[in-house]
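Colleague: Okay, handing you the structure first.
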Amino acid sequence: MLIIFHRATLSRFCELLTSSLSSRACIVATVNRMMSTGCQDHDQKVVSKDEVIRFIQDCMCKAGTTLEDAYAVGHHLMTADYRGHFSHGMNRMQMYVKDIENRITDPAARPQIVTDFQAIALVDGKNALGQVVGKYCMELAVEKAKKFGIGMVAARGSNHFGICGYYTMMAMEQGLIGFNCTNTSPLMAPTRSVKAGLGTNPLSLGMSTGDGDEFLLDMATTAVALGKIELAIRKGEDIPEGWALGSDGEVTRDAEEAFNASLLMPLGGSECNSGYKGYGLGLMVEVLCGILTGSQFGPNIRAWKTNDRVANLGQCFMAINPEAFACGSKERLSTLLKQLRDLPVAGEEPVLIAGDPERSHMRKVDGEGGITYHPNQLKASEEFAKHMGVRPMKLVPKSV
Ligand SMILES: NC(=O)c1ccc[n+]([C@@H]2O[C@H](COP(=O)([O-])OP(=O)(O)OC[C@H]3O[C@@H](n4cnc5c(N)ncnc54)[C@H](O)[C@@H]3O)[C@@H](O)[C@H]2O)c1
């Protein structure tokens, strides 16, 4: 019971913290939000990236995965934390282990190709861990893109696969454009509805310039995550209009009412603010994930944080070779990103490119010699190490 309490507390806490101070218009606010997931300055300890992977790998192996799959999960979750997305990092491991313990996810399963037609393949994830399915599919998409110019692989029978950006980067590292998306448990009320019909359905697309710059968009298609509403409750604040509906189906500014109803509004908010575009993007993700693959879809996916049945999520992965199109696309992207960064600004903060806040966070982690976790997460990880019978994570002093 104690462990269960800590898991819930940790999960909620990390969601609250990772969601704090978000402002899409300001890098300071965005990076602060990322930083706020970590300890306050009174705790000068960090965990090296390798140690985070080692710890997650040990736990996943104990839960029954192969060493290779445990590494895949460990590397993925560490990367999410490294990039500042703590809500999708190490704190998710306990959810994955719980799903394995409850026989809801199969730790030994291998994804299988169902149909393979040149640049396209349909994969059955066989209820393996989402990161195992995701890595398999993007590797296949990259292989196809190198052969055919484009590779598109869609999977059913998958599970929560973490941050979309991870798979996008796999393609970018090979000089390709990466794209991927996933359907998720219903939490978003489509424009004009009063009931959740789609999930937060995130998507990601990225391309590198080849000279060190990149565009890496990685975003949910809802206005905010549920965690941002929890944070407002903690702070005793109202939420802005456009984030969520109350249980009466009306837009609410009452954080507690919004949290209890769990009806997120699509990206954009209400209809007059073009929320239907976010709804459209969420539905676009569902077409590529659930509709194409035969996985669960929309409101038929199991409710968030329930594990009464397998998730059977759908996911879609694409890799595109820019060299298959007009010459010089990387140079043009480099020019465009510079032009955007150099635009006159309204205030003090510079124009950003998607992916910049994450790169700032990674620079901070590198400068400090490791990832700074919130004390509550460290405490919960220590408890979890005992529960799993593995060596706890080693903390080292933060580099100055
Ligand atoms: N697997 C799942 O079920 C699931 C569900 C939802 C979200 N996620 C993941 O959660 C993570 C967070 O999603 P989110 O929607 O909260 O992200 P976010 O709102 O923090 O960022 C969205 C995107 O906007 C960019 N950005 C931020 N500030 C910017 C600015 N000022 N100018 C230009 N670009 C800017 C970021 O670099 C990012 O690409 C993502 O990695 C996503 O894949 C996963």
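Any read-out appearing in this document is the output of simple, stated calculations on the displayed coordinates, not a laboratory observation. As the structure is a computational prediction, the values presented were derived from the model and not from experiment. Cβ: placed from backbone, ideal geometry, glycine included. Neighbour counts: every protein chain shown.
Colleague: Can you tell which of Val287, Val133, Val123 shows the greatest fluctuation in a Gaussian network model of the chain with Cα springs below 10 Å?
Modeller: Looking only at Val287, Val133, Val123, the largest GNM fluctuation is found for Val287.
Colleague: Continuing with the same structure: First check a/c for region 284-379, with a ≥ b ≥ c the square roots of the eigenvalues of its C-alpha gyration tensor; if it is under 1.5, answer rounded, and if not, answer prolate when a/b is larger than b/c or oblate otherwise.
Modeller: Verdict is oblate for region 284-379.
Colleague: Between the DSSP loop rule and a limit of at most 16 other Cβ atoms within 10 Å, which GluC sites (Glu not before Pro) in region 121-182 are left?
Modeller: Loop-located and lightly packed - Glu173.
Colleague: Moving on to the next point. Using just the Cα positions, wrap region 151-257 in a convex hull and report its mean projected area in square nanometres, one decimal place.
Modeller: Computing the convex hull of the Cα atoms and averaging its projections yields 8.8 nm².
Colleague: Shifting gears a bit: If you filter region 298-345 for chymotrypsin sites (Phe, Trp or Tyr not before Pro), then keep DSSP loop positions with at most 13 other Cβ within 10 Å, what is left?
Modeller: Those satisfying the criteria are Phe325.
Colleague: Take peptides 382-389, 77-84, 227-234, 110-117 and line them up by average Cβ neighbours within 10 Å, highest first, as a rough protection proxy.
Modeller: Highest to lowest by the protection proxy: 77-84, 227-234, 382-389, 110-117.
Colleague: If amide H atoms are built 1.01 Å from N in the plane of the peptide, which residues on other chains or at least 5 residues away come under 5 Å of the amide H of Leu313?
Modeller: Gly157, Ser158, Asn159
Colleague: List, in order, the whole-Hz ³J(HN,Hα) value for each residue of region 123-135 obtained from phi through the Karplus relation with A = 6.51, B = -1.76, C = 1.60 and θ = phi - 60°; use x for Gly and Pro.
Modeller: 10, 9, x, 6, 6, 6, 4, x, 5, 5, 5, x, 5
Colleague: What is the ratio of the Cα radius of gyration of region 280-322 to 2.2 N^0.38 Å, where N is its residue count, to two decimals?
Modeller: 1.34
Colleague: Under a 5 Å amide H to amide H cut-off, with H placed in plane at 1.01 Å, what residues pair with Ile371 once short-range neighbours are removed?
Modeller: Val47, Ser48, Lys49
Colleague: For Cys289, Cys316, Cys61, Cys327, what's the fewest-to-most ordering of other Cβ within 10 Å of each Cβ?
Modeller: Least to most surrounded, the residues fall as Cys327, Cys61, Cys316, Cys289.
Colleague: Which aspartates and glutamates, on any chain, are close to Lys228 with Cα under 16 Å apart, when same-chain ones fewer than 8 places away are left out?
Modeller: Glu15, Glu237, Asp238, Glu241, Asp254, Glu256, Glu257
Colleague: Between Asp308 and Arg341, take the C-beta separation as r, use R0 = 45 Å, and let me know the FRET efficiency to the nearest 0.05.
Modeller: The pair Asp308/Arg341 has a calculated efficiency of 0.40.
Colleague: Then there's this: Cut-off is 10 Å between beta-carbons; in what order do Arg363, Arg302 appear when sorted fewest neighbours first?
Modeller: Starting with the residue having the fewest Cβ neighbours, the order is Arg363, Arg302.
Colleague: To make sure I understand the rule: partners must be lysines, Cα under 19 Å from the Cα of Lys394, and not fewer than 8 residues away in the same chain. Which ones qualify?
Modeller: Once the sequence-local lysines are set aside, what remains near Lys394 is Lys45, Lys49, Lys62, Lys379, Lys386.
Colleague: If you don't mind, there's one more thing I want to ask. List the lysines whose alpha-carbon lies under 20 Å from that of Lys277, not counting same-chain residues fewer than 8 positions away?
Modeller: Partners within reach: Lys195.
Colleague: Which far-off residues, 5 or more places away or on another chain, put their amide H under 5 Å from the one on Gly210, with H placed in the peptide plane?
Modeller: It is none; the list stays empty.
Colleague: Who wins for biggest fluctuation among Gly74, Gly355, Gly314 in a Gaussian network model of the chain, springs between alpha carbons below 10 Å?
Modeller: Gly355
Colleague: Label 7 Å along Cα→Cβ of Gln112; region 291-319 residues with amide nitrogen under 20 Å?
Modeller: 293-296, 310-315
Colleague: When only Cα pairs under 8 Å and 6 or more residues apart are kept, what is the percent relative contact order across region 127-254?
Modeller: Relative contact order comes out at 16 percent.
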